[in-house]
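The values are calculated or read from the model by the stated rules, or taken from the named source; none is laboratory data. Just so we're clear, the structure is a prediction, and the values are computed from it rather than from any experiment. Methodologically, a virtual Cβ is constructed for each residue, glycine included, from the backbone with ideal geometry; neighbour enumeration extends over all protein chains shown.
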Amino acid sequence: MSVSQPLITQPLSTQSVIAVVGTGAMGAGIAQVAAAAGHPVKLLDNRPGAAAKAVEGIQAQFAKLADKGRMSVDAAQAASARLISVEQLGDLADAALVVEAIVENLQAKQTLYKDLEAIVGADCLFGTNTSSISVTAIGAVLQRPERLAGLHFFNPAPLMALVEIVSGLATDKAVADTLFATAAAWGKTPVHAKSTPGFIVNRVARPYYAEALRIVGEGGADCATLDAVMREAGGFRMGPFELMDMIGHDVNFAVTRSVWSAFYNDPRFTPSLIQQELVEAGFHGRKTGRGFYDYRQGAERPEPKSAVAQSVPDNIVLHGDSAAAQAIADRLYEHNVAYTWGEASDGRVAEVGGAVVFITDGRTATRRAVEEGIDNLVLIDLALDYAKATRLAVGAAINCYAPAVGAAIGLLQAAGFAVSRLGDIPGLAVMRTVAMLANEAADAVNQGVCDAAAADSAMRLGVNYPRGPLAWADSTGLPLINRVLANLANHYGEDRYRVSPLIQQHVLAGKNIHV
């Protein structure tokens, strides 16, 4: 495709040959998607017989889909017939798009595409499925780097909706737009991104692991409890520790180190010594039988820690119109528990048994108690939806009397929550994690990596977050997110928690990020 050609926004024709080089799980998945969409697909692998075996495996997948009624028998047979295994690069001469899914090695990818330049036509597009290597660097050795863009699928490619279309410094916009349109025609949800470390998903997702690892490292909670809080209050499909165990610590730690190194050791991405120990021990998670959890036969899965049952407290007074206060009121009503409304305007959610309950703002409960002159201060964590959450995390000031803490816990239990008491850590669990996810997404937008809609779509579709982090920040309240981050930075004294300029600007302007 010549750079002088007009902008192309149409997808590649289904008559166009798609070539996939590398037939592991990702390559085979991409080939399946392309063939199902109607393209003839050529598969190539440098391992003898691997391409032919991949074709057989994909054809078996199509047959299973037909057996389950997810595609017609005719469509399955037609898609299977469009798959062709080949043995050498020369067989890809008629390809309109070559997608590589080979080893994550810069030199290997450069060599492949440099060799292909002498074989394919001038209009052939190159789409690298790299998850972490610079698209700009891959294209640097090509005579025509403008034809190369990232075409980053997520595993398993046939099921995951997201595709990151990544533009390197030399990528022609027409090429990126064509790949975007083609991915959409294949039934995917593409998003545009600039070639920066981690692109969107692998960059923005780092805090989900990093904040949980820091909380454990500070003795704020155990893995099982944090996983339960993130699932049952935060609405995440998997907690961070079970997710790292599933991904594999060797892989997850390597991605973190790669992003950290690529950003010149920015403290926001600093790897965890806890995870490094697991990697060095060979405890990579499910695939090795041990990680944060023990998966060996007979091993018992630890249960999350929940506070012991407290009696329903007397004289419950709720305050304000926050989502937390309104949900607690509704849940108490459903459980036939009496309460009244008070008129305090300092942000408190409830008073009960001498305790004053607030939503965390990123300060420890002890600091907030001292600064606000309230000894019996208890904090509750953020929830995706306080009306539907089944668990809440709480923290209490050091000077808070035990009966007051018990009364606050009893209030939440009376409203139907399981309660996990964490250590007096700043921001608790869900709040600090969501704030940091939103902060990283905001920085990605501020630095031109993607727009806000793409950042949110990428995190919902690429890693199944219950809500896009920027939309979540808007609904929580950007001023609160800003305070949480500032208070975290004040507590730790680290640049890790610096507030994104995009968040600061929108707070000053009184606007949400999504407008």
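The table for this structure:
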read-out	value
Tabulated pairs, the range 13-33, first on the phi > 0 side of the Ramachandran plot, second small (Gly, Ala, Ser), C-beta under 6 angstrom, 6+ apart or interchain	Gly22/Ala101
Residue that is over 31 Å from the mean Cα position of the chain (by Cα), buried (at least 19 other Cβ atoms within 10 Å of the Cβ) and more than 19 Å from Thr433 (Cβ to Cβ), where the choices are Ala402, Ala355, Ala396	Ala355
Cβ-Cβ under 7 Å pairs, at least 6 apart or on other chains, the range 149-177 side under 22 Å from Arg460 (Cβ atoms), far side among the acidic types (Asp, Glu)	Gly150/Glu164; His152/Glu164
Some residue of the range 32-46 being surrounded by 13 or more Cβ atoms within 10 Å (Cβ to Cβ), polar (S, T, N, Q) and touching a helix residue (DSSP H, G or I) at 6+ places or on another chain (Cβ under 8 Å)	yes
Filter pass, Ile119 being farther than 22 Å from Val201 by Cα, free of Cβ contacts under 8 Å to residues at least 60 places away in the same chain, assigned to a strand (DSSP E or B) and more than 24 Å from the chain's Cα centre (by Cα)	no
Hey, Tyr295 outside the structural domain of Gly220 (by TED's automatic domain parsing), at pLDDT 95 or above and within 25 Å of the chain's Cα centre (by Cα) or not	yes
Residue in the range 185-194 that is part of a helix (DSSP H, G or I) and either more than 18 Å from the chain's Cα centre (by Cα) or closer than 30 Å to Gly395 by Cβ (or both) present	yes
Failed condition for Arg331, given (1) at pLDDT 95 or above; (2) basic (Lys, Arg); (3) assigned to a loop (DSSP other than H, G, I, E, B)	(3)
Out of Ala344, Ala387, Ala281, Ala329, sole residue that is outside the structural domain of Ala407 (by TED's automatic domain parsing) and either over 36 Å from the mean Cα position of the chain (by Cα) or small (Gly, Ala, Ser) (or both)	Ala281
Phe283 closer than 30 Å to Thr476 by Cα and not β-branched (Val, Ile, Thr)	no
Among the residues listed as Val308, Val312, Val357, the single one being of a type in the set (Val, Ile, Thr), part of a loop (DSSP other than H, G, I, E, B) and without any contact (Cβ under 8 Å) to a residue 60 or more places away in the chain	Val308
Listing of helices (runs of 4 or more DSSP H) fully contained in the range 402-515 that carry 1 or more residues being of a type outside the set (Ser, Thr, Tyr) and under 20 Å from Val163 (Cα atoms)	430-446, 452-462, 469-476
Selection from the range 364-401 of residues that are assigned to a loop (DSSP other than H, G, I, E, B) and among the hydroxyl-bearing types (Ser, Thr, Tyr)	Thr364, Tyr386, Thr390, Tyr401
Residue that is free of Cβ contacts under 8 Å to residues at least 40 places away in the same chain and β-branched (Val, Ile, Thr), where the choices are Val463, Val499, Val507	Val507
Total residues in the range 64-114, condition of a type in the set (Val, Ile, Thr) and in a helix (DSSP H, G or I)	2
Some residue of the range 264-280 being buried (at least 22 other Cβ atoms within 10 Å of the Cβ), in a helix (DSSP H, G or I), of a type in the set (A, V, I, L, M) and in contact (Cβ under 8 Å) with a residue 12 or more places away in the chain	yes
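Residue by residue, here is whether (1) on the phi > 0 side of the Ramachandran plot; (2) buried (at least 20 other Cβ atoms within 10 Å of the Cβ); (3) touching a strand residue (DSSP E or B) at 6+ places or on another chain (Cβ under 6 Å); (4) not β-branched (Val, Ile, Thr) holds:
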site: Thr111; (1), (2), (3), (4): no, no, no, no
site: Ile119; (1), (2), (3), (4): no, no, no, no
site: Phe126; (1), (2), (3), (4): no, yes, yes, yes
site: Ala140; (1), (2), (3), (4): no, no, no, yes
site: Arg144; (1), (2), (3), (4): no, no, no, yes
